[in-house]
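Notes follow the structure.
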Amino acid sequence: MTNKIRILLAKVGLDGHDRGVKIVARCLRDAGMDVVYTGLHRSPEEVVAAAVQEDVDVLGVSLLSGAHMTIFPKIIAGLKARGVDDIILLGGGVMPDEDVVALKKMGVHEVLLQDTPPNTIIQTIERLVAERGDR
Amino acid sequence: MAKFVPSDVLVERALVGDSAAMARLMSRAEAATPECRPAFARLYQKAGQAHIVGITGVPGSGKSTLVSTLTLKLRAAGKRVGIIAVDPSSPYSGGSIMGDRIRMSALAGDEGVFIRSMATRGAHGGMARASLEAVDVLDATGFDYVIIETVGVGQAEVEIARAAHTVVVVSAPGLGDDIQAIKAGILEIADVHVVSKCDRPDANRTISDLKTMLTLGLSLSGGASWQPKVVPTSSAQGEGFEELITALDRHAQWMRSSSAGQDRLRHIAEFRMLKTAEDLLSQQFLATRKPALALISGQLSERRISPYQAAERLLAGFQLEGPA
Ligand SMILES: Nc1nc2c(ncn2[C@@H]2O[C@H](COP(=O)(O)OP(=O)(O)OP(=O)(O)O)[C@@H](O)[C@H]2O)c(=O)[nH]1
Ligand SMILES: [Mg+2]
């Protein structure tokens with residue numbers, strides 16, 4: 001039997017807004033997912049450790065601070081260092097299009113920018129988890 | 001497609017400290033796949049060293065913050081601490097938001113701490129079975145303390161806390177006129193009472209109310225040989241934690257050395273056996289009797305048979321499988 005989709009939502013970096021993440025968390029819960037929320041100001045290392053311990057299907061990292069090009073490589077490296085290759089990595093927040101392209105090349109599975117409608121977020125997660133398959 | 005790592009391989013990796021393997025085993029416990037049963041049998045054999053502490057109390061009483069501060073103190077004493085934080089699932093969607101980690105951010109990144117969040121309806125079958133198997137993973141891999149945080153409302157959650165060696169019930173000032181936990185009916189199960197948030201001026205009243213209640217004999221735990229203590233704490237100021245750790249250690253000592261403590265361990269074992277049996281039964285039952293369920297409940301709803309007759313028909317076609 002397969003479990004419900006588990007997702008960890010993290011805010012990395014210095015910006016102190018988590019209203020958006022909390023709204024997303026509620027939408028995902030209402031779509032039947034189990035959402036772990038870790039709060040503000042997490043470091044990439046902390047996020048990786050939490051995602052591994054929680055054995056989530058999806059790691060969603062949201063940032064508005066513009067530090068995405070330094071933070072995502074650290075998260076990708078951290079997961080790799082722990083031998084984890086089956087966690088789906090999602091980015092969220094605000095960033096220019098060329099960075100989205102670069103992040104995807106780097107190994108971020110999808111980037112959902114700030115105004116993505118909840119249904120699109122839910123469908124994207126469900127699709128990516130289905131594509132990955134059971135584990 | 002992701003690759004499937006057999007559970008016995010995961011156990012090998014977990015035993016040498018691979019946290020990803022430990023975490024995956026916990027997911028297998030939640031999924032209740034028959035494949036992982038031999039692996040969990042092995043973990044159970046290795047487990048039995050950790051001090052398992054259940055922490056419960058009404059919502060917002062300060063449990064997660066207490067767990068965080070307690071864990072920092074235990075870490076300072078060189079202990080490794082595993083934490084299972086159980087949060088309620090939404091009755092509407094079955095999903096959940098598990099936010100206990102927010103209050104445990106001081107522990108983030110410490111490799112001597114393992115935190116796992118579990119939703120009450122996240123497990124196939126019962127949460128009690130799954131969460132106690134997760135405890136086994138931590139116990140077997142050398143964690144000295146395993147703390148289970150559950151909200152003290154709802155029978156399932158309270159039961160999980162009671163399956164720990166030592167039950168801590170957290171009461172907080174300012175949540176109402178009198179101690180909310182009385183209404184929730186959880187005060188009776190405490191081996192140790194914590195009054196949290198004692199940096200608040202109204203805490204003294206909560207402490208004295210609780211002490212009065214204890215003199216009236218409000219306790220189920222331990223019979224005559226264990227007297228639950230009231231421990232005032234403030235997680236905000238880090239106070240009361242020496243006393244709390246002493247109370248926990250004394251209770252562990254009592255479990256080991258008293259016959260009432262040994263009885264308690266047998267009760268916990270019995271509880272696990274029954275919960276696991278319940279899960280096996282309901283999983284196999286639903287798997288094999290689902291078609292009949294619709295048919296017979298139809299007959300019942302048309303009042304062609306009675307509820308008892310319906311139940312008997314439903315059960316008549318069921319045969320529990322033996323071990324594979
Ligand atoms: N003044 C004061 N406030 C505290 C203390 N400990 C916790 N709190 C506050 O109490 C609130 C609830 O704390 P939590 O630790 O999340 O409580 P909880 O029992 O885990 O809550 P649930 O998991 O939602 O049931 C938060 O706003 C904390 O900041 C304390 O020692 N002193
Ligand atoms: Mg909590």
Check your understanding: How large is ³J(HN,Hα) for each residue in the stretch B:251-264, as worked out from phi by the Karplus curve 6.51 cos²θ - 1.76 cosθ + 1.60 (θ = phi - 60°), to whole Hz, x for Gly and Pro?
Key -> 5, 4, 4, 4, 4, 5, 9, 9, 6, 5, x, 5, 4, 4
Study note, to complete from the structure: Under the Karplus relation with 6.51, -1.76 and 1.60 and θ = phi - 60°, whole-Hz ³J(HN,Hα) for the stretch B:291-308, x at Gly and Pro, equal x, 5, 4, 5, 4, 6, 5, x, 4, 5, 5, 7, 6, 7, 9, 8, x, 5
Review point. How many nm separate the modelled label positions at B:GLN309 and B:GLU270, each set 7 Å beyond the Cα in the direction of the Cβ?
Key: 3.9
Check your understanding: Other chains near B:6-14: what is the mean number of their Cβ atoms within 10 Å of each residue's Cβ?
Key -> 0
Point to revise | P(r) histogram, all alpha-carbon pairs of the stretch A:1-42 included - 5 Å bins from 0, percent | key: 6, 24, 29, 19, 12, 7, 3, 1
Practice item. Give me a single rounded figure for B:27-35: the average over its residues of other chain Cβ atoms within 10 Å of their Cβ. Key: 3
Review point. So if R0 is 25 Å, what FRET efficiency would B:GLU239 and B:ASN204 give, r being the distance between their Cβ atoms, rounded to the nearest 0.05?
Key: 0.95
**Study point:** Shielding by partners - mean other protein chain Cβ count within 10 Å, residues of B:100-110
**Key:** 5
Check your understanding: Sorted by average packing, counted as other Cβ atoms within 10 angstrom per residue and highest first, what order do A:31-44, B:71-84 take?
Key -> A:31-44, B:71-84
Point to revise | Mean separation of Cα contacts under 8 Å (6+ apart) over length of the stretch B:188-324, as relative contact order % | key: 20
Practice item. Beta carbons within 10 angstrom, averaged per residue: use that to sort the peptides A:114-123, B:120-129, B:204-213, highest first. Key: B:120-129, B:204-213, A:114-123
Study note, to complete from the structure: At 10 °C in a medium of viscosity 1.306 mPa s, the protein assembly as shown has a Stokes-Einstein diffusion coefficient, with Rh taken as the Kirkwood radius over alpha carbon pairs, in µm² per second, of 68
Check your understanding: Of the listed peptides B:142-154, A:95-107, what is their order by residue-averaged count of other C-beta atoms within 10 Å, with the highest listed first?
Key -> B:142-154, A:95-107
Review point. Between rounded, prolate and oblate, where does the stretch A:1-116 land on the alpha carbon gyration tensor, with a ≥ b ≥ c its root eigenvalues, rounded for a/c under 1.5, else prolate if a/b exceeds b/c?
Key: rounded
Review point. Quick one: Cα convex hull volume of the stretch B:273-315, Å³ per residue?
Key: 64
Practice item. Normalising by the residue count of the stretch A:6-132, find the relative contact order in percent from Cα pairs under 8 Å and 6+ residues apart. Key: 26
Revision key, fill the gap. A student applying the Cα gyration tensor rule (rounded when a/c is under 1.5; otherwise prolate if a/b is larger than b/c, oblate if not) would label the stretch B:47-257 rounded
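Throughout, read-outs are computed from the coordinates displayed, never taken from laboratory work. Values in this document were obtained by computation on a predicted structure and should not be read as measured data. All Cβ positions, even for glycine, are placed from backbone atoms using ideal geometry, and neighbour counts span all protein chains on display.
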